[in-house]
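The values are calculated or read from the model by the stated rules, or taken from the named source; none is laboratory data. In this text, all values refer to a predicted model and were calculated from it rather than measured experimentally. Methodologically, a virtual Cβ is constructed for each residue, glycine included, from the backbone with ideal geometry; neighbour enumeration extends over all protein chains shown. What goes into the accessible areas is simple: the full protein's heavy atoms, side chains included, and nothing from ligands, DNA or RNA. Shrake-Rupley method; radii C 1.70, N 1.55, O 1.52, S 1.80 Å.
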Amino acid sequence: MHNSPLMTVEQHILEEQRRRFPRASGEFSWLLSGITYATKIIASQVRRAGLVNILGSAGQTNVQGETQQKLDVIANQTLLQCLGNRGNVAIMASEENEEPVMVPRDFEGGKHVVIFDPLDGSSNIDVNVSVGTIFSILGREPGQRDPMIDVLQSGYRQQAAGYVVYGSSTMLVYTTGNGVHGFTLDPSIGAYLLSHENIQMPPRGNTYSVNEANTDSFPHGYRRFLAHLRSGNAGRAYSSRYIGSLVADFHRTLLKGGIFLYPPTKQYAGGKLRLMYEANPIAFLAEQAGGVATDGTRRVLEIPPTSLHQRTPLIAGSREDVELLMKMVAE
Ligand code: AHG
Ligand code: MN
Ligand code: MN
């Protein structure tokens with residue numbers, strides 16, 4: 001049964017929990033199924049984006065000062081509602097909310113914190129290019145205290161992380177620290193079915209993924225690294241692929257290998273991507289698939305968080321590609 005092509009993600013999560021934590025109550029699986037439920041709703045909205053009048057800007061800016069797309073708002077509300085009803089999520093934190101959201105009913109006893117980027121790559125919505133949802137799940141001791149203490153935990157403490165990519169098909173990829181597993185949404189039955197069991201990133205790839213328009217403002221080591229890959233002296237020919245949705249760029253890197261980079265730039269000296277709901281979950285997945293995730297010098301999962309919306313440089317991908325980058329950045 002385990003290898004049946006018809007295994008749903010809910011079944012997979014439940015079986016994994018039973019195997020690893022035989023005394024678990026099943027409430028963690030119940031939490032994760034809140035995410036699968038929410039992302040099915042978001043997927044259906046994304047699929048209809050060109051049909052219904054939900055395209056374009058909502059006319060508001062989010063806490064980063066970026067224009068919020070209507071689908072950002074819808075995706076955020078959907079996740080808040082689906083997770084806020086689970087009964088074990090005490091705190092939710094989102095790219096679209098300046099402060100963490102406490103679930104009044106569960107703030108005392110809830111054992112989990114969920115942090116998410118409800119719609120990643122949202123500028124790609126208007127042009128019918130892949131977007132995604134990213135999530136990170138942390139544990140907490142029940143009780144009342146400053147919610148920031150529970151939110152600002154290092155990435156290595158994540159209990160689970162994953163993303164959904166709304167691409168030519170909708171796929172959910174997740175880890176609970178026991179490998180990385182991928183599921184494809186069968187729209188005719190509304191279920192995520194196991195399609196990619198135990199994904200391993202190739203140790204080296206032949207693709208680099210970076211916004212090359214920023215190259216002139218990258219630190220020297222990054223420019224040297226990219227020039228090396230282009231030079232033909234890297235032992236293989238590299239191609240460049242950049243979608244501008246982290247989820248989609250990472251998903252390709254996960255399956256095909258290679259390296260994704262968002263280095264420091266002049267505009268974003270500390271990197272552009274967000275630690276808590278972009279870099280940390282992606283780093284957990286990368287490591288679980290045999291890859292590496294760094295901010296150039298440090299393991300992403302060990303960066304001490306200081307604020308919910310903090311940014312970081314992010315380099316993630318195949319072990320050999322990322323190690324070469326780190327070596328050239330250190331020189
Ligand atoms: P979001 O839509 O959640 O704000 O994220 C956009 C991010 C990320 O998805 C992508 O990797 C990056 O922005 C692209 O940035 P540039 O346009 O600067 O290349
Ligand atoms: Mn994002
Ligand atoms: Mn977003």
If I go through the range 117-149 residue by residue, how many of them are open to solvent by less than 50 Å² (accessible area, probe 1.4 Å), more than 16 Å from ligand 3 (Cβ to nearest atom) and either out of contact with any Pro (no Cβ under 8 Å at 6 or more places or on another chain) or not assigned by TED's automatic domain parsing to the domain that holds residue 24 (or both)? 5
By residue number, the members of the range 198-217 that are in contact with a Phe, Trp or Tyr (Cβ under 9 Å, 6 or more places away or on another chain) and either modelled with pLDDT under 95 or in a loop (DSSP other than H, G, I, E, B) (or both) are 205, 206, 210, 211
For residue 195, indicate whether it is on the phi < 0 side of the Ramachandran plot, surrounded by fewer than 23 Cβ atoms within 10 Å (Cβ to Cβ) and not in a strand (DSSP E or B). no
If you scan the range 83-123, which residues turn out to be more than 19 Å from residue 133 (Cβ to Cβ) and polar (S, T, N, Q)? 88
Listed by first then second residue, the pairs whose first member lies in the range 236-252 and is under 16 Å from residue 272 (Cβ atoms), whose partner is of a type in the set (Phe, Trp, Tyr) and within 16 Å of ligand 3 (Cβ to nearest atom), with beta carbons under 6 Å and at least 6 positions apart or on separate chains, are 247/163
For the range 132-145, does any single residue satisfy the condition of being within 16 Å of ligand 1 (Cβ to nearest atom), part of a strand (DSSP E or B), in contact with an Asp or Glu (Cβ under 6 Å, 6 or more places away or on another chain) and modelled with pLDDT of 95 or more? yes
